[in-house]
Amino acid sequence: MNLISLFRKVAIAEGISYLAFGATMPLKYGFGIFWPNKIVGAAHGGLFVAFCIILLGVWIRERWSFGRVAAFGLASLLPYGTIWLERRVFRN
């Protein structure tokens, strides 16, 4: 598996984990059920760190522009952002 393929998969997984993390918030704050939030939060945190490290590697190896890297960095802060941008950048 090449770096771009790995990056795409991690970007999608990170976006899904962000949505799942948001879905566990009502359980935590509304119903006092903490364990789903802890599990999904840990998974999301790990995927976010992996996403950032792989993004740095792609930036260096593929010589992406700063604008593209910054766009992915900003997209990682929005729910569904990495999934949307991954689809848009890698559409072809």
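The values are calculated or read from the model by the stated rules, or taken from the named source; none is laboratory data. Remember, it's a predicted structure, so these values are computed and weren't measured experimentally. All Cβ positions, glycine included, derive from the backbone under ideal geometry; neighbour counts span all protein chains shown.
Under 11 Å from the mean Cα position of the chain (by Cα) and polar (S, T, N, Q): which single residue out of THR24, THR82 fits that description? Can you show your working first?
On the way: THR24 fails: under 11 Å from the mean Cα position of the chain (by Cα).
Checking each option against the conditions leaves just THR82.
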Open item on the list: Cβ-Cβ distance below 7 Å, separation of 6 or more or different chains: which pairs start in the stretch 74-92 with a residue that is part of a helix (DSSP H, G or I) and at pLDDT 85 or above and end on one that is acidic (Asp, Glu) and surrounded by 14 or more Cβ atoms within 10 Å (Cβ to Cβ)?
Closed with: THR82/GLU14
Task: From the options ALA75, ALA50, ALA70, residue that is among the aliphatic types (A, V, I, L, M) and closer than 13 Å to ALA13 by Cα - done: ALA50
Open item on the list: Checking the conditions here, which among GLU62, GLU14 is of a type in the set (D, E, K, R) and buried (at least 17 other Cβ atoms within 10 Å of the Cβ)?
Closed with: GLU14
- [ ] Name the single residue, out of those in the stretch 65-92 being surrounded by fewer than 17 Cβ atoms within 10 Å (Cβ to Cβ) and charged (D, E, K, R), that is farthest from ILE16 (Cα to Cα).
- [x] ARG68
Open item on the list: Tally up the residues in the stretch 39-82 that are β-branched (Val, Ile, Thr) and in contact with a Phe, Trp or Tyr (Cβ under 9 Å, 6 or more places away or on another chain), please.
Closed with: 5
TODO: Of the conditions (1) within 11 Å of the chain's Cα centre (by Cα); (2) loosely packed, with under 15 Cβ neighbours inside 10 Å; (3) part of a helix (DSSP H, G or I), ALA43 clears all except one; give me its number.
DONE: (2)
Task: Conditions (1) touching a residue at least 24 places away in the same chain (Cβ under 8 Å); (2) assigned to a loop (DSSP other than H, G, I, E, B); number of the one not met by MET1 - done: (1)
Open item on the list: Just the residues that are among the basic types (Lys, Arg) and either assigned to a loop (DSSP other than H, G, I, E, B) or without any contact (Cβ under 8 Å) to a residue 12 or more places away in the chain (or both), please, taken from the stretch 49-69.
Closed with: ARG63
